[in-house]
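All remarks here apply to the structure that follows.
Every number in this text was worked out from the coordinates using simple rules, so none of it is lab data. From a predicted model like this one, the values you see are computed outputs, not experimental measurements. Don't worry about glycine lacking a Cβ; one is built from the backbone with ideal geometry, like all the others, and counts go over all protein chains shown.
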Amino acid sequence: MADIHTDDDYKKIILQKGFLDFSVNPSLDLFAEIEKLKKEKNAIVLAHYYQEPDIQDIADFIGDSLGLAQKAQSTTADIIVFAGVHFMAETAKILNPHKKVLLPDLNAGCSLSDSAPPALFKLFRDKHPQHVVITYINCSAGMKALSDIICTSSNAQAIVESLPADQKIIFAPDKNLGAWINKQTGRNMLLWNGACMVHEIFSMEKIIKLKVRHPNAKVIAHPECEAPVLALADYIGSTTGILKYAEKNEAKEFIVVTESGILHQMQKTNPAKTFIPAPPNNTCACNDCPYMKLNTLEKLYLCMKFELPEINMKNELINAAKKPIERMLEISASLHL
Ligand code: 13P
Ligand code: SF4
């Protein structure tokens, strides 16, 4: 690799690759180095449950999308290092426009977010001017700017129910979560046709076969899964909801129908219980989110050391996207969620 001397050189690498790709000395104790950088820079590391185990272990806070947004809103750190995907880091930046928000790899996108391009969604929204737009947080800032209220999987039902029963609603971008909320609430929200590639890959047939082999196992699923899979579940909820259920429920075995990263916390908090990842409908390891898993401990270390890649956004977009996020946080706080 050519000699690198200036900030501009680092920025060029980020533009080309999306992350700093220097090789890290393998004898370096990355855990100790990251702890040192946290203190030196007054930085906080926020991690989603789908991150690799090492990242979860070094994080100051691990949570679901709602917990992470709430933590991003309340932190007093100067630098927020987001070990998650782009829309999560973007949400942290929207809530903290004056803070530095870092994401170890800018390529950490989201298939669900990609399924809702703002320009197309605007045409759809404009055809339904009487509808309130509730948008799942797994979307771009451009989508958030076109929305009235944001929600996550842990507060979606409560947000929908906070509106009058006869209020017309558009729900975007996840059709599976939207359909599940329609079923739970008896509403008839108009659904955008988006989905998550990881949660749509689970095989109903293979879960049924697993259930035959483990008749006492509870099936716990994320609401981004398709309806036939959700119909098999004993509990449906956000990543935090699933974790809490596994902790409180007396069963000894659980079939886990969401991204496999969550098994790390489940096993850590419940060492005597068995967690079986639900199989995908083919032989690949598709229950790993390819975007979440782009972040590594090495990239996290480099990103903290060089304070790159950074999330930057135009003020106009920040202001437009902030309103519906704050509305969600206000409703959640009033309901103690
Ligand atoms: P949670 O809000 O449950 O953490 O879900 C985030 C996500 O990306 C699910 O695919
Ligand atoms: Fe997006 Fe699905 Fe990955 Fe979650 S698991 S970040 S919804 S692609």
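Okay, here's what the table says:
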quantity	calculated
Counted residues, the stretch 106-123 - those being more than 8 Å from ligand 2 (Cβ to nearest atom) and assigned to a helix (DSSP H, G or I)	7
Scope the stretch 266-305; condition within 16 Å of ligand 2 (Cβ to nearest atom) and of a type in the set (Phe, Trp, Tyr); matching residues	Tyr291
Qualifying residues in the stretch 27-38 (those that are surrounded by fewer than 16 Cβ atoms within 10 Å (Cβ to Cβ), of a type in the set (A, V, I, L, M, F, W, C) and in a helix (DSSP H, G or I)) - the one nearest to ligand 1 (Cβ to nearest atom)	Phe31
Given (1) surrounded by fewer than 17 Cβ atoms within 10 Å (Cβ to Cβ); (2) more than 14 Å from ligand 1 (Cβ to nearest atom); (3) part of a helix (DSSP H, G or I), index of the condition Ala251 fails	(3)
Evaluation of Phe124 against (1) touching a residue at least 60 places away in the same chain (Cβ under 8 Å); (2) closer than 21 Å to Met292 by Cβ; (3) not acidic (Asp, Glu) (one fails), failing number	(2)
Residues within the stretch 39-58 that are surrounded by fewer than 21 Cβ atoms within 10 Å (Cβ to Cβ) and assigned to a loop (DSSP other than H, G, I, E, B), tallied	2
Selection status of Val24, touching a residue at least 12 places away in the same chain (Cβ under 8 Å) and crowded, with 23+ Cβ neighbours inside 10 Å	no
Top-ranked residue in the stretch 68-93 [being under 24 Å from Leu20 (Cα atoms) and β-branched (Val, Ile, Thr); ranked as farthest from ligand 1 (Cβ to nearest atom)]	Ile79
Enumeration of residues in the stretch 291-302 that are out of contact with any Asp or Glu (no Cβ under 8 Å at 6 or more places or on another chain) and either part of a helix (DSSP H, G or I) or free of Cβ contacts under 8 Å to residues at least 40 places away in the same chain (or both)	Glu298, Leu300, Leu302
Considering residues of the stretch 182-221 that are within 16 Å of ligand 2 (Cβ to nearest atom), among the aliphatic types (A, V, I, L, M) and assigned to a loop (DSSP other than H, G, I, E, B) only, the residue farthest from Ala158 (Cα to Cα)	Ile201
Every residue from the stretch 266-286 that is within 16 Å of ligand 1 (Cβ to nearest atom), in contact (Cβ under 8 Å) with a residue 60 or more places away in the chain and surrounded by fewer than 21 Cβ atoms within 10 Å (Cβ to Cβ)	Pro280, Cys286
Candidate set: the stretch 148-193, residues that are free of Cβ contacts under 8 Å to residues at least 24 places away in the same chain and hydrophobic (A, V, I, L, M, F, W, C); chosen: the one nearest to ligand 1 (Cβ to nearest atom)	Leu191
